[in-house]
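Please read the structure below before turning to the comments.
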Amino acid sequence: MLILDTETRSHLDIRRVGAYKYAEDFQLLLFVAYDTDRDAFFTWQYHMDDIGDLKAFLKDASSPFVAHNAEFDRRILTTTLGYDPANGNWIDTQAICAFLGMPLSLNHLGAFFGMPERERKDTAKGTIALHKFSIPNKKTNKFSSPDDFPEHWQTMLEYCKQDVVALHAIVRRLPQTLLFPRPGSFFGQSPVERLFHAATVTMPPIHFDLDEVRCLQTTRDTLIYNEQRRIEELTGVPGILTSPKKLLSYAHDNGYPLKNTQSAYLQSRLPDTALPQSLREVITARLATNKTSLAKLDAILDSATNTGDIYQTVQYCGATQTGRDAGRLIQPQNLPRSSGADITAPLTGTAQEQLETISKTLRQLIRAHDGYEFIGADYSSIESRVLAWLAGERWKLDFYGVENNPYDMYQKTFAEAFNCHVAEVSKSQRQVGKVMELALGYGGGVGAFKAMAGAYNMDLSAFVDTARQYRSTALYDEAVRYANISGNENDDVFIAIDFIKRRWRKANPNIVRMWSQLEDAVKEAALAHGRFVRKVGKVTVSNNFRCPTLPPYVAITLPSKRNLFYYYPQVTSDGHITFLGRDSTRPQFTTQETYGGKITENITQAVARDLLANAVAHLPVPCVMRVHDEVVVEVPEGLATPKWLEEQLCRRPEWGKDIPLKAEGWSGKRYGK
């Protein structure tokens, strides 16, 4: 086994352009490797050694080659040497850590495993030294050489060597069945999972017409500039739209102090009738010109190759607790929906309206290559279907199994909760059923319901009218009593939503039962001193009796045999479950809290992901995009139809052959959903 690390330099910023474009313009500075068979280090330095020395070493090196984010090192060495020195026999420890739900950074893994300092990655002096040689001087745009800073070069050499030491220590701690796959092992990847990972690594690029992107970028910049000048003339404050400090000061001077300038908070102020008109104009202008989606145009141009292609927009198992994809670079998952906007139509309306239209047409910038078209399909109500299947909620499964059903689950949910026939559900009642179905499946209560209703701009008073029709029922009395003890006795909206929540839970007893069963099993597994294994419906909860080199964990084995891991689990004195997981706001592992409903959500989304993985692994053509529960392929025009891809997506694995799947497809020259 050859454990290796490379250090490079380039005028491109890899964080902005991505590894693929970076590898088009770089120079290999350092190569450090440890050959486990020979128990020896090898170092190659660009200013001292001939490239032939590196080729000769790699020719006789042990196999496989191991690297953290191996796809980058493979591409660097293949580009430098003109061939793949490992002949495809690479092991990517970052992908393995992602599969196991661990931190992805080599630096964070040292602390995660509790490794001694001598085995951890050195980040302090080493990073400073690395930047001396890998990033050009801002004034001269030239790189420093080892002769310029010999001490820093030596520090960087030791830094690179320590990376290899740290990686070797991590390799020794990882389950060997992931390094050297063995079918049927607890930690191993199934054949489908390996195919899915390979499909992610080799995913074709998404394509843009760069002239079209530049044109839209210029229009955006002009609109923002004109809007900034208009607001500056209105307020007399230069730079007010780009300076939070100036905006807060202006608001204070106008008798309407603001807490902050975050978009969500500013948006919440607009309905307030006390908001001064001039400040209202400033806020709406800032919201329109400060959309994060508009910056996607810059990200596209940064990361696209000269041919308009962007590679590696998906991170394998990027979502730690589910294994779902995470977006990278332009992050197609975060592009706003088109909502009827057409990129080919002329822009009309005010500057703010035109900026909104640009934001909505960003998806349509993704184009099929000449002579090709997109075929896309995504699962319909996949989480609702999977949740019902996991919990054995029979009425839902039966409803989803009806072919050409004239009614939808939102209507059925209301009908089931309020004991009426689905045909009698009105349009407004369907809206109530929609929020119930989307907000309450994972243990959500009044807060979750309000947030979901707000996302759809629904009037909460409508829920009060619905609930009041059932005032004489026992569940309504329970909602009133709960409102009294929680300090919400005079809040009709709170009482109505809590009542609706209770109706939903009564109609879905198996789902509610699964929340508590999972929470109890995870708590017992976390507290157990010996072996713990418990079957909960279609999943199995266990503790870390299988691999002593891993940190303590609770594992949930899915129907696919893939595992979800909760590391360093604890049960607090007040009965809450905590574990070490990825922070939602920063790329670090911190203490997280979970509960039965949240665990159910993790499992449901993980099973939905495994269904998608199964479909992708068996596709006869590669997909160019995976966006949440959607798959997009690019094929020669006329070769395939949306119905074909719908059928491919609904290919059921043996473990889920009775899940009532449905997919909806589309086709076109642009990605415009």
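Nearest 10 degrees, 0 to 90: what angle lies between the long axis of helix 351-360 and the longest principal axis of the chain (Cα atoms)?
70 degrees
Give me the Å³ per residue figure for the convex hull around the C-alpha atoms of the range 296-424.
It comes to 215 Å³ per residue, whole-number rounded.
Bin by bin, in steps of 20 Å, what percent of the Cα pairs in the chain do you find, going until the bin that has the longest distance?
Result returned by the calculation: 15, 43, 36, 6, 0.
Please give the residues of the range 305-348, grouped as numeric ranges, whose backbone N is less than 20 Å from a label point set 7 Å along the Cα-to-Cβ vector of Ile135.
Zone members listed by number: 329.
What is the distance in Å between the Cα centroid of the range 66-96 and that of the range 614-634?
24 Å
Asn405 to Asp477: extension gain in nm, 0.36 nm per residue of separation minus the Cα-Cα distance?
22.4 nm
Charges at C-beta only: +1 for Lys and Arg, -1 for Asp and Glu. How large is the resulting dipole of the chain about its Cα centre, in Debye rounded to 20?
With only Lys, Arg, Asp and Glu charged at Cβ, the dipole is about 1340 debye.
Distance between the C-alpha centers of the range 526-574 and the range 300-357? Whole Å please.
37 Å
Within 13 Å, Cβ to Cβ, of Arg269, how many net charges do the neighbouring residues add up to if Lys/Arg are +1 and Asp/Glu are -1?
Summing Lys and Arg as +1 and Asp and Glu as -1 gives +1.
For the range 130-253, what is the charge dipole size about the Cα centre, in debye to the nearest 20, if Lys and Arg each add +1 at the Cβ and Asp and Glu each add -1 at the Cβ?
440 debye
So for the chain: antiparallel DSSP bridges make up what percent, rounded to the nearest 5?
Antiparallel bridges: around 90 percent, rounded to the nearest 5.
For the range 64-126, what class follows from the C-alpha gyration tensor (a ≥ b ≥ c being the square roots of its eigenvalues): rounded when a/c is under 1.5, otherwise prolate if a/b is larger than b/c, else oblate?
Here the range 64-126 falls in the prolate category.
In square angstrom, what is the accessible area per residue of the range 118-248 with a 1.4 angstrom probe?
On a per-residue basis, the range 118-248 sits at 54 Å².
Which entries of Lys538/Lys657; Lys21/Lys121; Lys138/Lys291; Lys396/Lys523; Lys21/Lys125; Lys132/Lys161 show an alpha-carbon separation above 24 angstrom in the structure shown?
Beyond 24 Å: Lys21/Lys121; Lys138/Lys291; Lys396/Lys523; Lys21/Lys125.
Could you give the nm distance between label points at Ala198 and Asp84, where each point is 7 Å from its Cα heading toward the beta carbon?
In this crude label model, Ala198 to Asp84 measures out at 1.0 nm.
How far is helix 382-391 tilted off the main Cα axis of the chain, in degrees rounded to 10, range 0 to 90?
With both axes taken from Cα atoms, the answer is about 80 degrees.
I need the shape label for the range 185-311. Rule: rounded when a/c is under 1.5, else prolate if a/b > b/c, else oblate, with a, b, c from the alpha carbon gyration tensor.
oblate
Per 0.36 nm of contour for each residue apart, how much would the distance between Ile485 and Glu593 grow if the chain were fully extended, relative to their Cα-Cα spacing?
36.4 nm
Taking every pair of alpha-carbon atoms in the range 551-673, give the share separated by more than 26 Å as a whole percent.
That fraction is 39 percent.
At 0.36 nm per residue, minus the direct Cα-Cα distance, what do Lys125 and Thr43 gain on full extension? Give it in nm, one decimal, please.
Difference between extended and current length: 27.5 nm.
Mind checking the per residue accessible area of the range 327-467 for me, 1.4 Å probe, whole number of Å²?
That works out to 43 Å² per residue.
Excluding Leu460 itself, calculate the net charge of residues whose Cβ lies under 12 Å from the Cβ of Leu460, where each Lys or Arg counts +1 and each Asp or Glu counts -1.
Charge balance in the 12 Å sphere: -3.
With a 1.4 Å probe and all protein chains left in place, how much of the accessible area of the range 1-142 comes from carbon and sulfur atoms, in whole percent?
Heavy-atom surface of the range 1-142 belonging to carbon and sulfur, 1.4 Å probe: 47 percent.
Between Leu619 and Trp644, what is the spin-label point distance in nm, taking each point 7 Å from the Cα along the Cα→C-beta axis?
So the two model labels end up 1.3 nm from each other.
Would you work out the relative contact order for the chain, in percent, from Cα pairs under 8 angstrom that are 6 or more residues apart?
Value for the chain: 14 percent.
Can you give me the angle between helix 70-81 and the longest principal axis of the chain, using Cα atoms only, in degrees from 0 to 90, rounded to the nearest 10?
40 degrees
Report the local net charge at Glu524: Lys and Arg +1, Asp and Glu -1, summed over other residues whose C-beta lies under 14 Å from its C-beta.
+2
Whole percent per 10 Å bin, from 0 to the bin with the longest distance: what is P(r) over all C-alpha pairs of the range 486-544?
20, 30, 23, 19, 8, 0
With each pseudo-label sitting 7 Å past Cα toward Cβ, what's the His628-Asp465 distance in nm, one decimal?
Label-label distance for His628 and Asp465, simple model: 2.9 nm.
Per DSSP H run of at least 4 residues, take -39500 (n - 2.57); add these up for the chain, divide by its residues and hand me the 222 nm value, nearest 500 deg cm²/dmol.
-14000 deg cm²/dmol
Taking the Cβ-Cβ separation of His421 and Asp574 as r and a Förster radius of 35 Å, what is the calculated FRET efficiency to the nearest 0.05?
Plugging the Cβ-Cβ distance into 1/(1 + (r/R0)^6) gives 0.20.
For the range 401-442, what class follows from the C-alpha gyration tensor (a ≥ b ≥ c being the square roots of its eigenvalues): rounded when a/c is under 1.5, otherwise prolate if a/b is larger than b/c, else oblate?
It is oblate, given that a/c is not under 1.5 and a/b is not larger than b/c.
The values are calculated or read from the model by the stated rules, or taken from the named source; none is laboratory data. All figures in this text were calculated on a predicted structure; none of them were measured in a lab. Note that each Cβ is placed from the backbone with ideal geometry, even for glycine, and that neighbours are counted across all protein chains shown. When the accessible area is computed, the model is the full protein with side chains, heavy atoms only, and any ligands, DNA or RNA have been set aside. Shrake-Rupley method; radii C 1.70, N 1.55, O 1.52, S 1.80 Å.
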